[in-house]
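**Q** Quick one: structure below, then a few questions.
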Amino acid sequence: MSPTIDVVIPTYRPDEHFREVLQKLMRQSRPPRQILLINTEKEMFDEKLLEGLNDAEPASCICDARPEIRVVHIRKMEFDHGGTRHMAAKMLDGDMILFMTQDAMPENSHLIECLLRPFEDPQVCVSYARQLPGKDCTLLESYTRSFNYPAQSRVKTAKDLDELGIKTAFCSNVCAMYRRSAYEEYGGFERHTIFNEDMIFAGKLILAGKAVAYCADAEVIHSHNYSGRTQFHRNFDLGVSQAEHPEIFAAASSEREGVRLIQKTAGYLLKKRKPWFLVPLIWQSGCKYLGYRLGKNFRRLPAGIVRACSLNKDYWNIPHGR
């Protein structure tokens, strides 16, 4: 019997681009049973985006039933990276839960089908997709996509910690499918986390002897041309998440992987004979590292500085141990 698949997508001010995401999900060769949208701020959601979607013809005869689209609205102050997704998971009962972001565009109609394949191995509890650069992606961001999401699939376990380090637990809820039974057994996502809920949970799985699958043939188009300032704020939150979960991140250093990315990118730029891109590389890398180090040491900083450095300012409305 084929496993049932539910999709969860947090949304905020979705637009026509997101409507296309939904259209592609509904035309998958292995369609989901339902798509649950957890939308932040009802006033920002245009119901017209959903009009006519249920009238679309399915892409294949694998499943005659069209996915049901449900929308649950929350307030901005209620949103939490881990808690909101966990709330959504508790509202569903499918065998598999596919978490996506609203800007992750399926590259083709085989995304879900490909994400399912690694689960033939009973040790695999999550599989995540390859992220391809968008048409407007900068050269630096394009290379970062290929560095973090290579063309080769891989199943990762604790045996890979010495080789891969922090990348062993790398996983992205931009597009990641979870085995529900494992999600529940290992407690699901953290209920209150600033960032990184996917890697925190994947780290739990790795330490418990389970496996995380990177599925390179499952592809979504997803990239951002972040400024140095935004990189600083994002990496501050990344550092905070790691500082708050030493049980996951103490075993492997992120700095080593960051240095490797800089070295590989610099080599790529020189090979392409575009050395002038080294300037933005150094700038952005410096912003990332400074944000990350401050985030790792957030408990030593005044509360006002912490809030100013953080991208997710609502997270600090709840007191934290300092």
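**Q** Need the failing condition index for Tyr292 against (1) touching a residue at least 40 places away in the same chain (Cβ under 8 Å); (2) open to solvent by 40 Å² or more (accessible area, probe 1.4 Å); (3) within 23 Å of the chain's Cα centre (by Cα), just the number.
**A** (2)
**Q** Residues that are of a type in the set (Val, Ile, Thr) and in a helix (DSSP H, G or I): does the range 313-322 have at least one?
**A** Checked the range 313-322: no residue is of a type in the set (Val, Ile, Thr) and in a helix (DSSP H, G or I).
**Q** Okay, next question. What tally of residues in the range 115-131 results from selecting those that are among the hydrophobic types (A, V, I, L, M, F, W, C) and open to solvent by 10 Å² or more (accessible area, probe 1.4 Å)?
**A** So the answer is 2.
**Q** Can I ask one more? Inspect all residues belonging to the range 213-225 and state whether any of them is under 16 Å from the mean Cα position of the chain (by Cα), open to solvent by less than 10 Å² (accessible area, probe 1.4 Å), β-branched (Val, Ile, Thr) and at pLDDT 95 or above.
**A** For the range 213-225, residues under 16 Å from the mean Cα position of the chain (by Cα), open to solvent by less than 10 Å² (accessible area, probe 1.4 Å), β-branched (Val, Ile, Thr) and at pLDDT 95 or above: present.
**Q** Can you name the number of the only condition in (1) surrounded by 19 or more Cβ atoms within 10 Å (Cβ to Cβ); (2) over 24 Å from Met199 (Cβ atoms) that Val306 fails?
**A** Single failed check for Val306: (2).
**Q** Which residue is modelled with the lowest pLDDT, if the candidates are limited to the range 41-75 and must be open to solvent by less than 40 Å² (accessible area, probe 1.4 Å) and more than 26 Å from Asp95 (Cα to Cα)?
**A** Going through the qualifying residues, I end up with Leu49.
**Q** Under 13 Å from Gly82 (Cβ atoms), open to solvent by 20 Å² or more (accessible area, probe 1.4 Å) and touching a residue at least 24 places away in the same chain (Cβ under 8 Å), is that true of Arg145?
**A** Answer is no for this residue.
**Q** Still on this structure, I have one more. So is Gln263 touching a helix residue (DSSP H, G or I) at 6+ places or on another chain (Cβ under 6 Å), of a type in the set (S, T, N, Q) and either open to solvent by 40 Å² or more (accessible area, probe 1.4 Å) or assigned to a helix (DSSP H, G or I) (or both) or not?
**A** So Gln263 does not fit the description; no.
**Q** Could you grab me the full set of residues in the range 180-199 that are open to solvent by 50 Å² or more (accessible area, probe 1.4 Å) and touching a strand residue (DSSP E or B) at 6+ places or on another chain (Cβ under 9 Å)?
**A** Within the range 180-199, Ser181, Glu185, Tyr186 qualify.
**Q** Test each condition in (1) out of contact with any Pro (no Cβ under 6 Å at 6 or more places or on another chain); (2) within 17 Å of Ala89 (Cα to Cα) for Ser127 and report the one that comes out false.
**A** That leaves (1) as the condition not met.
**Q** Now a separate question. Which residues, taken from the range 21-49, are under 14 Å from Met100 (Cα atoms) and either in contact (Cβ under 8 Å) with a residue 60 or more places away in the chain or among the small types (Gly, Ala, Ser) (or both)?
**A** Selection gives Val21, Lys24, Leu25, Pro32, Gln34.
**Q** Quick check, is Ser172 out of contact with any Pro (no Cβ under 7 Å at 6 or more places or on another chain), under 26 Å from Pro3 (Cα atoms) and open to solvent by 50 Å² or more (accessible area, probe 1.4 Å)?
**A** no
**Q** Hey, can you tell me all the residues within the range 258-289 that are within 25 Å of the chain's Cα centre (by Cα) and of a type in the set (Lys, Arg)?
**A** Arg260, Lys264, Lys288
**Q** When the range 88-101 is examined, which residues are found to be surrounded by 19 or more Cβ atoms within 10 Å (Cβ to Cβ) and either without any contact (Cβ under 8 Å) to a residue 60 or more places away in the chain or under 17 Å from Thr11 (Cβ atoms) (or both)?
**A** Ala88, Ala89, Ile97, Leu98, Phe99, Met100
**Q** Same structure again: I want to confirm something. Restricting to the range 245-258 and keeping residues that are in contact with a helix residue (DSSP H, G or I) (Cβ under 9 Å, 6 or more places away or on another chain) and open to solvent by 40 Å² or more (accessible area, probe 1.4 Å), which single residue is farthest from Lys288 (Cα to Cα)?
**A** For the range 245-258, the residue satisfying everything is Glu247.
**Q** Applying the selection to the range 221-254, what residues are under 23 Å from Thr138 (Cα atoms) and in a helix (DSSP H, G or I)?
**A** Matches in the range 221-254: Gly228, Arg229, Thr230, Gln231, Phe232, His233, Arg234, Asn235, Phe236, Leu238.
The values are calculated or read from the model by the stated rules, or taken from the named source; none is laboratory data. Everything numeric in this text was worked out from a predicted model, so none of it was measured. Because the Cβ atoms are built from the backbone with ideal geometry, glycine has one as well, and the counts that use them run over all protein chains shown. Surface accessibility is based on the protein's heavy atoms, side chains included, excluding ligands, DNA and RNA. Shrake-Rupley method; radii C 1.70, N 1.55, O 1.52, S 1.80 Å.
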